[in-house]
Every structure is written in C-alpha cells, then in structure tokens.
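Have a look at the structure below before the remarks.
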Amino acid sequence: MHATVKRYDGVDESRWDELTKKVNEALIPRLSKLPGFSSYYLVEAGPGVMTSISLFDSKEHADEFPADEAKRM
C-alpha cells in the first residue's frame, strides 16, 4: 500500500460542507477509475487547512496520481 498526501492551505472554512460534497460526488468516482486506487480521505487539518490522503496498491500507481486532480474541485 502506498499513499499520496497533499496539504491545501487557505481553504474557505465556510465552504467545507460544499467541498466535502463535491469530493464525495465527483472526485472519488473519478479517482476510483484510476489503476490501483484504493481509497481517499479528506481531513480538516486546522483553520483553513485540508489534507488529503489517497491510497494506492503500488508505488507506481501512486506516482501516476495527477498532481492537480483535487484542485479541479
């Protein structure tokens, strides 16, 4: 198991529910189509900070994870 961890600073806290909904309805279904994808977690990591953790079955698949995939939200 391999993980990709990303930190997002300056997140508008008033949009937390909206972002969570978009992740569940749009991002996770897209990620589920990637080879080796296992799971995705979005964590509130402090005021205005979110951290995402994406799990893959191999280092090769984790390395293929698009760097800007979540930024499209």
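Read-outs throughout are calculated quantities, based only on the coordinates presented, and are distinct from any laboratory measurement. In this text, all values refer to a predicted model and were calculated from it rather than measured experimentally. We place every Cβ from the backbone using ideal geometry, glycine too, and count neighbours over all the protein chains shown.
The table below lists the values:
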{"item": "Estimated vicinal HN-Hα couplings, Hz - region 31-36 in sequence order (Karplus 6.51, -1.76, 1.60; Gly, Pro = x)", "result": "5, 4, 8, 6, x, x"}
{"item": "Highest-MSF residue in the chain out of SER52, SER14, SER32 [GNM, Cα springs under 10 Å]", "result": "SER14"}
{"item": "For the chain, size of Cβ-based charge dipole, Lys and Arg +1, Asp and Glu -1, in debye", "result": "120 debye"}
{"item": "Charge dipole of the chain about the Cα centre (unit charges at C-beta), most positive-ward option of PHE37, HIS2, TRP16", "result": "PHE37"}
{"item": "Net length gained if the chain between GLU64 and ARG30 were fully extended (0.36 nm per residue, minus Cα distance)", "result": "10.8 nm"}
{"item": "Gyration tensor verdict on the chain (Cα atoms; rounded if a/c is under 1.5, prolate if a/b is larger than b/c, oblate otherwise)", "result": "prolate"}
{"item": "Cβ-Cβ FRET estimate between GLU18 and SER38, R0 fixed at 25 Å, reported to 0.05", "result": "0.45"}
